[in-house]
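Just so it is clear, none of the values below were taken in a lab; they were calculated from the coordinates. Being a predicted model, the structure only gives us computed values, none of them experimental. Glycine also receives a Cβ, built like all others from the backbone with ideal geometry; neighbour counts cover every protein chain displayed.
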Amino acid sequence: MLFIKYFLLFWVLLGCTLVGKNLSKKFVMRVKELEEMKNALNIFQTKIQFTFEPIPQIFEEIAENSQKNVGQIFKVAKEKMQKDTASIAWEKAIEESDSNLNQEDKYVLKTLSKLLGQTDVEGQISQIEITQKFLEEQLKEAIEQKQKNEKLYSKLGTTIGLAIVIILC
């Protein structure tokens, strides 16, 4: 009977530790996704400026060359462009994305849709540059939050697990 009690307490501690690690991982993934999105927008700007390829084709290339969540946003936007305009498709893709981006990040990315596919090349490039500047601010904030909260959540999970184990003993 005592063995079962200690076995269950071990699993409680392990579970709490893993939850803490998982929460801290979200901060790391948000930074990575923002950096990846910044790179993807840079590629998008260059392609619009110099190759004059259609937006769906550019999105497809970016989706193939980007990491999982960021690539998925571009892939979904490209698919939605078959039925909707580029701006509406981009907004829907951002909203439906299953990423670690918070609501402010998504709002910043949605600002790109204002002129996407609706103006000339220069207008779209200026909108991409504005979005990149806002994204840079979000990236700085995400790095600060990561530095502040990554270790906190990791250790907090273990501490809460230990507290529960002590209480149950």
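Report, by residue number, each residue of segment 36-50 that is aromatic (Phe, Trp, Tyr) and in contact (Cβ under 8 Å) with a residue 24 or more places away in the chain.
Restricting attention to segment 36-50, the residues satisfying the condition of being aromatic (Phe, Trp, Tyr) are 44, 50.
Selection gives 44 alone.
Regarding segment 51-61, can at least one residue be identified that is buried (at least 16 other Cβ atoms within 10 Å of the Cβ), without any contact (Cβ under 8 Å) to a residue 60 or more places away in the chain and part of a loop (DSSP other than H, G, I, E, B)?
No - not one qualifying residue is present in segment 51-61.
State which residue is nearest to residue 30 (Cα to Cα) when the search covers only segment 68-122 and only residues that are part of a helix (DSSP H, G or I) and of a type in the set (Asp, Glu). If you could, list the steps in order and put the result at the bottom.
The first filter runs over segment 68-122 and keeps only residues part of a helix (DSSP H, G or I), leaving 68-80, 86-96, 103-114, 121-122.
With of a type in the set (Asp, Glu) added as a condition, the list becomes 79, 91, 95-96, 104-105, 122.
Details: 79: 24, 91: 19, 95: 16, 96: 16, 104: 12, 105: 9, 122: 30 Å.
Looking at the filtered set, the residue picked out is 105.
Inspect segment 98-114 for any residue being surrounded by 14 or more Cβ atoms within 10 Å (Cβ to Cβ), of a type in the set (Asp, Glu) and under 30 Å from residue 50 (Cα atoms) and give the result as yes or no.
For segment 98-114, residues surrounded by 14 or more Cβ atoms within 10 Å (Cβ to Cβ), of a type in the set (Asp, Glu) and under 30 Å from residue 50 (Cα atoms): present.
Got a sec? Which of 149, 102 is under 21 Å from residue 33 (Cα atoms) and within 13 Å of the chain's Cα centre (by Cα)? Let's see the steps before the verdict.
Numbers: 149 fails: within 13 Å of the chain's Cα centre (by Cα).
Result of the check over 149, 102: 102.
Can you confirm whether segment 138-161 contains a residue that is in contact with a helix residue (DSSP H, G or I) (Cβ under 7 Å, 6 or more places away or on another chain) and without any contact (Cβ under 8 Å) to a residue 40 or more places away in the chain?
no
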